[in-house]
Every structure is written in structure tokens, then in C-alpha cells.
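A.B. asks: Dropping the structure in here first, questions after.
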Amino acid sequence: MANKVVVTGIGLICGQAMSANELFERISQCQSSVRKNEKLAAYGVTNSACSFIDEQVLAALDVQCREQGLPQLSAPALLAIYAAAQAIENADIDVKSIERKGLFLACNKQSLEAEHLLGLAKHFDPTTGKVDLDMFMEMQRHEKQSYFHKRQDMAALVLAERYEFDDVVMTPGDACAAGGIAVGTGYRYIAQGELDVALVGATEAMCNYMPMLSFSILGALAPQSGEHPASISCPFDKARSGFVMGDGSAFLMLESEQHAQARGAKILGYVSGFAKQTESWRITSSPKDGSDYARCMSDAIADAGLSINDIDHINAHGTSTEQNDSCESAAIKKLFGERTVSIPVTSNKSAIGHSLAASGAIEAALSIISLQQQLLLPTLNFCEGDEDTAGINVVQQATPSKIKHILSNSFGFGGENSVLILSAVAE
Amino acid sequence: MIKTESKKAPVFVEQGSVYCSAGNNVSSLWQALANGQQNLTALPCPAYDAWPWSQVFLVEEPGASELGVDRKILRTMEKQAKMALYGAALAVQQVETLANKSISSAKKGLYLALPTVDESVPPWSLLETLHEVSATPTQPIELSSSEFLQREIPAFFGLSTLNSNACAHISACFDLTGAMGAYSPFADAAFQALIDATGAVAQGENSAALVGGVSPKVNPQLLLQYEHWGWDKLSARIPAEGSSFVVLTANKNPDAVCVSGFARGFIASSVEAPEIYQQLLAQALANANVTAADIDWFLPFATGGKDIQALFALGAKESLPILSSESCMGFSGAAGPLINLNLALHGLQQQKYLVNTHNNINAQENAGALRHVALSAAGPEGQYLVVILSREVI
């Protein structure tokens, strides 16, 4: 029989919030973390509103890490180390002493920032068409411009060494589904009895030059002509026109129920189901009828041993792009049928932006707090749906509600989908 | 410290594809290794002064017709995604399981290991313009010119460098919609993918799984990694491009080779490395219900041979044949362990094996009774995995 998997700790940094409870409080009060990024605007990024983490915060985290003897790290790694430590502290667990433990940390590849691009350009010889790699390498030794900051496994390896994870260390890189996949994969290892404890989470810091430009050129970011930054992202609304980017990291400490009970840990909630699947469609969109999303949601519910009638709330992927929200709405209607109008749906992304890999882990953390507080979070900026999203019961203000099971969606570019089922502690 | 992997139902593995400079099938690679044929090509990018190799193992970038996709799709694919798709296409041609209509596409999964997909940007023309102004203390106007940037940055850059999109192309072409995973960035990722896929098939989450690994592409960014890791000081690390795939199934295949055991770990301290190599090898052997003396062939990858002594310490035969294929055919990152796996499957099928010779150019072919083959793969910062293949007695 599969082990029950419990959540015993949460750590988070996202936008202007330094913990999961702080972020939950902010969103419940309809406070958005989306702001104009003046530095990006100065660089000519027209869609410069995003939920970024201040450079001062990153600098302080950098100092802390250096004081602890860690090497110079990338922004995603700094965020991950902070959030992971918070989750471990929250769980009140001595991770090093645990024998059967795994680390599952999702992160996508990072891109060059504007300063890095200029640094590289300095060593480009237009007459020969070659980069002087010797000079470039020398520069990297002295300046904070290392190519290796692009590595997606940097945070995972630092955490593995720090907390002595000597078994499974995994870095999912499945775009926007990666965070959900990290949580779900850790859940599965514990459920199947292969691990007792898993530190699961994700980190991403994409509010910088090249990612913002590339997603802007792709047409995925919302145009921002004159709108207040906090009102640009509006999931499921008829005015939705794209997403805004976000920075962040979140971790959950997962344990088998038996392991948590044996050490007297406080159980915050359960991860009770998971599915991850690929589509066989297009790399820029999913089937309009929502069939692939619905299949993934259905399989996650089945994995939890539940029926659709047991789901009390949906934490949607809800990116605020025309495509995603239409497909996700179609999937919800296809799967839940007549129940659709009665299932409250929330997207957190209008408040915190879309942090790609990190989003699934952040939303899982927020969902666990929703279960604890029995409170539904609002979808900021939603006013009225369109033909596709009409009938979706989008939560518009913080609402107390009896919630036992939450379904949390994460759908990735290219058609990699993951769905988690998160459940409340029995009264 | 190291846990024991739980025993699962048998999962069978079928020989898939190899796409490398020596050819696009396992037989031609095997023959090239036996004959010492090394298809080296001039380094295609600028290098730093101390770079040791003027020639490397490259593959041709597959075109739209070879990949079976519309030419427009190529705009969304970097070379690594093309190598992945081409390797997958070769595997699908080779293995009937994936075309088997009686298995629902929702029960066919994809597990792909690939390093960071390196972007083609910044394009040289962008660097050329920025070079002129990069020495100025003020911000170059080009960096804040939307018109300039939109001209210089490829429209699909945001997608083409996502690992998930390399997977998406394969899923879309071959209708694989089951449970999946994408793993990065080093050689160990190949066996992470294989072990997870094995678990998914054993648990019934998938009925079949395509498992692949892709190399980095040879470009200046790869050279920087070589310098960083010190790989340019190792003789067996000549960069090689390519991809390789195998197919896992719960159904016993005609050759009846199964993934009988595996283990994975993270070696945080080099002081403890010898002990942990032994523990992990012992764990994989126990998982396969065999001893070190039962192993008939060992193919380590990217371990620098450090685990060979550990296997002997556990009681491996003195005559145990060993093949470090990267000595002969270059270092192909996450493709390497799966290339080795395909060589192992070929050997098990043909009852022959290859061993390194002193010249590190060719491998010597010998006939021999093979039943159990051990393979390993390592990442540069302590990642280490072991897989045991076993042939059923027919």
C-alpha cells in the first residue's frame, strides 16, 4: 500500500514577500507584487512590469551565502538557498541525520543579462568574427559575469552538499510545469516507499534582460501601454492579453506520514495525487478543447483515489494568456461538467507574475496554506470572462470555505503538463 | 547513508538508436570502434589558447526532411533539439513497440536527458554592434532600441532554448502522451531518465517509454565549461555530438534483456568517494540479485575509471572486460551512457563485447558469454549512477 505523503515545512521568497504566510496575507488583501522594473525599462524592454525581487534583497542573500562559505551564486540559487533553509527550519527537522532523503529542485536554464552581453561583446573581434575566449575567461574570474550562472542545477548541487543529500538529487527542467513536477516526483518516491523525506521545490529568476526580451518578442508577455503594472495580468478575464514575469522560489518539506508522526512533526497538509504528461500537439499551444489538460487533471485525481466530486477548489495555471486560460477553462468544463460553476477557481499569477518553473511550487505552498486557513485566495484583476472562460467560477475576493482537496495545475510551453492534488489535515 | 532501491517488476529494454559521428546505428558504431575508425572534424568554433584538440567528433545538423517536420518548425529548434528528434526518429523506426497501436499513446512516455540547450544568441551581428559601444561608460543606445533588438533576436528564441520544447517535438512527431520527464544537464541525467522511466513502466504508469540522451553542441560555451571543469586536461574528453535512445517495455522482448538493478547517489566528499562507489555498486548488484563476480562486462561513463577499482574490490572477475567508450569516440555528455547502453544491448544480443586497447583509438572485439552487464555514469560534482542489465536465460 502506498505511503501517505505529508507536508511538514514551507519556505518561500516571491516578489516582495519573504515567506509563504506573508505572500498569502498579501494576496488575500489583494496586494499585487507586480511593479515596473525601471532598470529593464531603461534597457528598452517595453513590457517591463514584473514581479521582481529587489537587487538589494539579492545582494543581502549573497552576503549571507558568502559568510557561510558558499561560492558566488546565481540569483536562482540564492533564492533557492533562502527558501530551502526556511522550509527546513519550518519543518524543524535535522535533514543531515535523515538516511532516506531526496532533493527535487526545478529550475530552467538562465539567460545572459544585459551586463553579461556587454561583457561578452567587449571580447568580440569584429574583424575576425571571433570571441577572445582567453580574455572572456579571465574576465569571468574577476567579475560577476560567469557563464556558469546559467546552469540550472547550480542550486540543487549547493543544497545537496550543504544538507548531505547523498541519494536522489534531481533537477527537472520542464519549463512552466517543472515546479509541479518536482513536488510530484518527490511525492511519488515517498509514496512508493523509496524515500522517507524529500525536499521539493523550484526556483527561477527570469525578470532580467534576455528572458524578458525573448518572451516579449514571442508575444507571450502582456502589452503594457499606460496600464498600472499591478492591473496588467488578469487571468480568465476577457481583457487578458499575456502574462507578466515573476521571480521566486518555494520549497515544501515532504515526509511519509509515518516518518512525520514518529518524530512528532506538525503536519500542514498532504500531497495526495500527481500526474505528469506530454501532449502530442504544437509547441506554442495546447488543444483548444482542453482535452490534454483534462486528461492530466483526471489522472491526478485518480492517482489520489478521489473522484471529481471530491475536488473543492482549483488553483489554476491561469497565466492570463488568451490561449492558456481558454484551454484551461475548456478542460475544467470538460472534466467537471455541471459542477464547473460551483468549483471556485483561483489564479495567483495576477498577483505574483508567472515565475515559470517556480510557479508550480509557489502555488502548491499557497494551496497548503489555503487548506490550513480554509480560505480561498482571490484572482486579482478578474472582472468578467469571455466566451471561453464564462462559467468558470473565478474567486474575486478572499473567501472562507470548507476545503478538503485542491487541484493545482501547471502547464508548460511545448505541452508538458503536471497536476498536483493537495489535501487538508483531517479535523 | 545510502538507501536500498525497492525491487520492482521486470522492465525490458530494447535496442534503440545511436546517432554519432561514427554513424546512425549501433552496428556501424560497434564496427567503427572495433576498426579504430575515428570520424573527426575540425573544431567549428574559436577556442582559447590552451584548448588541446583541433579536431572533434561532430554530427551533421539534421534537416527538415530527415526530421520529418515542416521547414518552419526548424526555426524553433536548436541543434540539440534536432539531434534529439533525429535520434528518436531512428529509434521509432528500429523498435516496433512505439508504433504498436494496441498500446495507447497515453501509455507511451518520453524521458529525455539533455544538457542546457545553448542559444544561438547573442548573434555575432549583435555582438559586433555592441562591441563598438561596449567600452563606453554610458549605456549603449542599441540595448534600448526595440527596433534593433527585435531585428537581432530570433523570434522563437524564448522557446527554442527550452528543454521542454526538445521533448515536445518528439512527443508531437511520435504521439507519445504518457508520463514523462526532462533531465539535465550532465551525463548522469541519462541514467536518471532511464531509472525514472523504469519505475514508471514497472508501476504501470506507462506501458512503454522512449528514453533518450543528447550531447551538448560544440560551441564556445561548451569550451568554457571544459576549462571550468578541467576536462580539457583529460585525454578521454574530446567533445562529441550525438544522441541515443532505447525503449523500455513491460512486455518481454525477443532478446529478453531487462533492467535488473540500479542505484544512484551523490558523492559530496572526494574523500568518501571510493567507499560510496562501492556502496552504490553493491546496492545495484543486490537490487539485480547478482554479485560482482556475475558481471560479464562493465561500461563506465565519465567516471574517469574511479569506480573500476570499486567493482574489483567487490569481487569482480580479474578478467572482467571493461570499455570506456569515450576514450575511442569522444565525450558526448548525456548521450554517452545511452550509447553505452545500446552497445551493451548489442553485445548481449550478439554474445560479444568490446574492450579498450592501449592506443585508445580502437576497441578489441571478443566473443564471450554475456548475461549481466554493469554500466555507470557520473556528473562532474558527485552525481553517480549504476545500472545493471541482465539477459534472461532462454
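A.B. asks: First select every other residue whose beta carbon is under 15 angstrom from the beta carbon of residue B:208; then total the charges, Lys and Arg +1, Asp and Glu -1.
C.D. replies: Computed value for this residue: -1.
A.B. asks: In debye, nearest 20, what is the charge dipole magnitude of the protein assembly as shown about its Cα centre with +1 on Lys and Arg Cβ and -1 on Asp and Glu Cβ, if you could check?
C.D. replies: 1220
A.B. asks: Would you mind getting me the FRET efficiency between residue B:43 and residue A:134? Use the beta-carbon distance for r and R0 = 22 Å, nearest 0.05.
C.D. replies: It comes to 0.90.
A.B. asks: Starting from the Kirkwood radius over alpha-carbon pairs of the range A:251-401, derive D by Stokes-Einstein at 20 °C in a medium of 1.002 mPa s and give it in µm² s⁻¹. List each step's numbers first, then the result.
C.D. replies: Details: Rh = 16.5 Å.
In µm²/s, the coefficient is 130.
A.B. asks: Would you calculate the convex hull of the Cα atoms in the protein assembly as shown and tell me its volume per residue in Å³?
C.D. replies: Dividing the Cα hull volume of the protein assembly as shown by its residue count gives 146 Å³.
A.B. asks: Cut-off 14 Å, label point 7 angstrom out along Cα-to-Cβ of residue A:257: give me the residues of the range A:265-287 whose amide nitrogen falls inside.
C.D. replies: Answer for the range A:265-287: A:267-273.
A.B. asks: Another one. Roll a 1.4 angstrom probe over the protein heavy atoms and tell me the percent of accessible area of the range B:24-86 that is carbon or sulfur.
C.D. replies: On the way: 1280 of 3030 Å².
Its accessible area is 42 percent carbon and sulfur atoms.
A.B. asks: Please compute P(r) over all alpha-carbon pairs of the range B:1-80, binned at 5 Å starting from zero, and give each bin as a whole-number percent.
C.D. replies: Reading the bins upward from 0: 3, 10, 13, 13, 14, 14, 12, 10, 8, 3, 0.
A.B. asks: Right, here's the next one. With no solvent and one point on each alpha carbon, what is the Debye value of log10 I(q)/I(0) for chain B at q = 0.12 Å⁻¹?
C.D. replies: -0.90
A.B. asks: Ok, one more. Restricting to DSSP H runs of at least four residues, report the calculated mean residue ellipticity at 222 nm for chain A, -39500 (n - 2.57) per run over all residues, nearest 500 deg cm²/dmol. Let's see the in-between values first.
C.D. replies: Numbers: 14 runs with 152 residues, N = 427.
Rounded to the nearest 500, it is -10500 deg cm²/dmol.
A.B. asks: Please work out the Cα convex hull volume for the range B:199-299 and give it in Å³ per residue.
C.D. replies: 176
A.B. asks: Could you tell me the ratio Rg/Rh of the range B:258-324? Both radii from Cα atoms, Rh via Kirkwood.
C.D. replies: Rounded to two decimals, Rg/Rh equals 0.94.
A.B. asks: Further question on the same structure: Looking only at other chains, what is the average number of their beta-carbon atoms within 10 angstrom of each beta-carbon in B:182-195?
C.D. replies: 4
A.B. asks: For chain A, take every pair of Cα atoms, bin their distances at 20 Å starting from 0, and report each bin as a whole percent.
C.D. replies: The calculated distribution, bin by bin, is 29, 58, 13, 0.
A.B. asks: If you don't mind, there's one more thing I want to ask. In units of 2.2 N^0.38 Å, what is the alpha-carbon radius of gyration of the range A:172-298?
C.D. replies: Taking the Cα Rg and dividing by 2.2 N^0.38 Å, one obtains 1.34.
A.B. asks: Measure up A:4/A:96; A:288/A:334; B:108/B:252; A:276/B:217; A:276/B:107 against 20 Å on the Cα-Cα distance and list the ones that go over.
C.D. replies: A:4/A:96; A:276/B:217
A.B. asks: How far apart, in nanometres, would the label points at residue B:351 and residue B:66 be if each is projected 7 angstrom from Cα along the Cα-to-Cβ direction?
C.D. replies: The two pseudo-label positions are separated by 3.7 nm.
A.B. asks: Now for a separate question. Enumerate the aspartates and glutamates that residue B:352 could reach by cross-link, defined here as Cα to Cα under 20 Å, with residues fewer than 8 away along the same chain left out.
C.D. replies: The reachable aspartates and glutamates, counting only those whose Cα sits under 20 Å from residue B:352, are B:14, B:255, B:294, B:296, B:318, B:326, B:365, B:392.
A.B. asks: For the range B:236-351, taking Cα atoms only, what is the radius of gyration to one decimal and the Dmax to the nearest whole Å?
C.D. replies: So, for the range B:236-351, Rg and Dmax equal 14.8, 44 Å respectively.
A.B. asks: Same structure, new question: Which percent, nearest 5, of DSSP beta bridges in chain B are antiparallel?
C.D. replies: Numbers: 40 of 58 bridges.
Percent antiparallel among DSSP bridges in chain B is about 70.
A.B. asks: Now for a separate question. Calculate, for residue B:306 and residue B:50, the FRET efficiency according to 1/(1 + (r/R0)^6) with r their C-beta to C-beta distance and R0 35 Å; round to the nearest 0.05.
C.D. replies: Details: r = 25 Å, r/R0 = 0.70.
Between residue B:306 and residue B:50 the formula returns 0.90.
A.B. asks: Give the whole-number value, in cubic angstrom per residue, of the convex hull volume spanned by the C-alpha atoms of the range A:154-201.
C.D. replies: Normalising the Cα hull of the range A:154-201 by residue number yields 67 Å³.
A.B. asks: Residue separation times 0.36 nm, minus the C-alpha to C-alpha distance between residue A:18 and residue A:41: what's the value?
C.D. replies: Gain on stretching residue A:18 to residue A:41: 5.8 nm.
A.B. asks: How large is the direction-averaged shadow of the alpha-carbon convex hull of the range A:1-112, in nm²? The partial results should precede the final answer.
C.D. replies: Values: hull surface 41.4 nm².
One quarter of the hull surface, i.e. the mean projection, equals 10.4 nm².
The values are calculated or read from the model by the stated rules, or taken from the named source; none is laboratory data. Source: prediction; values computed, not measured. We place every Cβ from the backbone using ideal geometry, glycine too, and count neighbours over all the protein chains shown. These area figures cover heavy atoms from the full protein model, side chains too; ligands, DNA and RNA do not enter into them. Shrake-Rupley method; radii C 1.70, N 1.55, O 1.52, S 1.80 Å.
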